[in-house]
Amino acid sequence: MSDLVIANCAIEAVAGLDIRIESGRISEIGHNLRRSGNDVLDAEGNDIIPGLCDHHIHLHALAAQRASVDCGPPFVRNSTELAAALNDSTGINGWVRGVGYFESVSGELDRERLDRLHCARPVRIQHRSGALWILNTAGIEVTGLDQANHPGIERDSAGRPTGRIWRADAWLRDRIPGNTPPSLRAVGSELAALGITSVTDATPDLDVDGITAIADAMSKGDLPQRVHLLGAPVSSPSPLEDVSGWATQSTSARLTIGPYKIVLADSGLPDLDELARTITECHRVGRAIAAHSVSRETLLILLAVLNEVGSIPGDRIEHGALIPAASIEEIRRLGLTIVTQPGFIADRGDDYLEHVERADQQDLYRCRSLIDASIPIAFSSDAPYGPLDPWTVIAAAQHRMTPNGIVLGGNETVDAARALDAYLSRSDDPGGPARRVQVGAPADLVLVSGSRRALATIIGGRQVY
C-alpha cells in the first residue's frame, strides 16, 4: 500500500492542512507536510470529512435492481406503460425481473392481471416495499408454486397460488434456475462515488453462498467498502468461520458481523413466544438484534417482548417507520437505537399523505423527537428500496419535503450538521459519536465540494474514487 499525502484541504473549518496517511491510517496532520516519496492528492482547498456509513442497505438486491425493469413511478405510471416495459425487457436467464411496483400503476397485481400484461415469458415483479413478489402463470409453473408449501405463498379460495409471495426472497431465488448472486462491481463503484466507505448489509437470513459472494467481491476489489452483516446466522458464534475460499487478511479485517436481523412482517405478525425465544437465544450468545419494524403493530409487539426478555447494548430497530409519541420514552428506557431512512419522505412522501392515516403521518420516520429524547439515531438508504444517495437523505432530514413540495413532519427536521453526523458513526455503533479526521484514525475519508458532493473517496488509505 502506497503512503499518501492529501494536500491543501480543510478539516472542521481549518484551511490549508495536509494529511499524511501511512499503512491505512492517518499518521500526521499539519501545514506543509513533507511530500517527497509519497503519492499526493491535491484537495484544492476543499473539505475532508470521514467516509460515510450507510447503516442499512441490501447489496445484492441493489445490484439486481440495476439489471431489472423499473415497474413503478416515476418510470411507469399505468398498465399500458407497465406492459410496454415488460415486453421491451431482454430478460435475465429467461425471466423478466421487475422492481419498484406500486399499486397506483395497475392496482393489486396477481397472476391473472400479470398474465394480461405479459405471458410469453416467466415474470417476477417485486413490490417497492421489498416484502412481496408477484409471479405470472409461467413463473408459477417454473417455480412449482402449485405444489410448494412456503408460508408466504398466497392462495385463493380454491387453493390455487395467486402469484403473490410474501417474505420469500431466498426461497424464491433457490427455485429459479441459474439465479446466482449478481456482480457487486458496479455497486461498489457507485457507493464510492457517493463517498460511502462502509455499509451495513441488512439482508436477512444470509446463507454461506450469499456471505461468500460478498466476501469474494471484497477480496477482488469489486466492493472496496467495509461491510457489516446483519443477516449472518446466529447459530454459529463466528459465522464467518464457515465461509471458505475468501479469508485474505485484507478482507477479513473489513468484513464483520453485526446484530442479528429479525423481520417483523406486517403480512404475518410474529408469534410473541417465538419472537421471545429468538431474541433470548441471540442475547444468550452475546449478539444483539436488529428488528425490522415499519408499523405501529410490529413496534408494539417488539417493545412488549423486549420488556419481557430484556434488551442488551446494540439492540436496534430498523426503519422505525412509524413510532407513536407514546412509545418514545419506552424505546429510550430499553436502550434501543433507531436506524431510519428519512429519504423515504422525499421519495414517497406524497403517497404517505394519501395512504397513511392522518393521525399517523406525524409519526413517520421520526428524527428530531428521537434525538431530543437521547435515543441514538443513524441514517441509511434501505437501497434499492429507498434513495441511495446519502446527500439526498441528509437533505430530506433537513427539509422533510415530499416530491410535490409539501412538508411532512416538519417538527422532525434536523440541521445539516446533525444529519451528516447520522452517517458518520461507526457501523458497529450506529447513532454513536461521529468519527473525526484525526491522527490514528483509519484513513476512510471523503473529499467533498462546497455543494457537498464527493470529489474523491479513500478507504484504508487507498483512493477508490
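Each label was represented as a point 7 Å from its Cα along the Cα-to-Cβ direction; for Arg358 and Ser129 these points are 2.4 nm apart. Over the residues of the chain, the helix contribution to mean residue ellipticity at 222 nm works out to -8000 deg cm²/dmol, using -39500 (n - 2.57) for each DSSP H run of at least 4. Computed on the Cα atoms alone, the convex hull of the chain gives a volume of 152 cubic angstrom per residue. Counting only DSSP beta bridges with both residues in the chain, the antiparallel share comes to about 45 percent.
Accessible surface calculations at 1.4 Å, restricted to protein heavy atoms, place the chain at 42 Å² per residue.
Sites listed here are chymotrypsin sites (Phe, Trp or Tyr not before Pro) in the stretch 336-409 whose DSSP assignment is loop and whose Cβ has at most 11 other Cβ atoms within 10 Å, and the list is empty.
By the compact-protein rule of thumb, 2.2 N^0.38 Å, the alpha-carbon radius of gyration of the stretch 23-76 corresponds to a ratio of 2.03. Quick one: if the Förster radius is 51 Å, what FRET efficiency do Ala120 and Arg277 give, using the C-beta to C-beta distance and rounding to 0.05? The calculated FRET efficiency here is 0.65. In a reduced charge model with +1 at each Lys and Arg Cβ and -1 at each Asp and Glu Cβ, the chain shows a dipole moment near 620 debye about its Cα centre.
Rolling a 1.4 Å probe across all protein chains gives Thr402 an accessible area of roughly 10 Å². Between Leu455 and Thr180, what FRET efficiency follows from the Cβ-Cβ distance if R0 is 41 Å, with the result rounded to 0.05? That gives a FRET efficiency of 0.70. Scaled against the 2.2 N^0.38 Å expected of a compact globular protein of N residues, the Cα radius of gyration of the stretch 3-148 reads 1.73.
For Trp171 and Asp42, the difference between the fully extended length at 0.36 nm per residue and the C-alpha to C-alpha distance is 41.5 nm.
Here the simple spin-label model places points 7 Å from the Cα toward Cβ, and for Ser189 and Glu12 these points are separated by 3.6 nm. Projecting label points 7 angstrom from Cα along Cα→Cβ for Arg333 and Asp146 puts them 5.5 nm apart.
Ordering Leu370, Ala383, Leu194 by Cα displacement along the dipole of the chain toward the positive end leaves Leu194 in first place; charges were set at the Cβ atoms of Lys, Arg (+1) and Asp, Glu (-1). Sparsely packed loop sites in the stretch 391-465 (the trypsin sites (Lys or Arg not before Pro) outside DSSP H, G, I, E and B with at most 15 other Cβ atoms within 10 Å) comprise Arg436, Arg453.
In the chain, excluding the sites themselves, the longest stretch lacking any of the GluC sites (Glu not before Pro) that are in a DSSP loop with at most 11 other Cβ atoms within 10 Å is 109-356. Cα centroid distance between the stretch 391-465 and the stretch 138-163, in Å? Their Cα centres are 43 Å away from one another. The coefficient of translational diffusion for the stretch 41-115, derived via Stokes-Einstein from the alpha carbon Kirkwood radius under 37 °C and 0.692 mPa s, stands at 216 µm²/s.
In the chain, what percent of the accessible surface is made up of carbon and sulfur (1.4 Å probe, ligands and nucleic acids excluded)? Reported share for carbon and sulfur atoms: 48 percent.
The values are calculated or read from the model by the stated rules, or taken from the named source; none is laboratory data. From a predicted model like this one, the values you see are computed outputs, not experimental measurements. A quick note on method: Cβ atoms are made from the backbone with ideal geometry, for glycine too, and the neighbour counts reach across all protein chains shown. These accessible areas exclude ligands, DNA and RNA; they are computed on the full protein's heavy atoms, side chains included. Shrake-Rupley method; radii C 1.70, N 1.55, O 1.52, S 1.80 Å.
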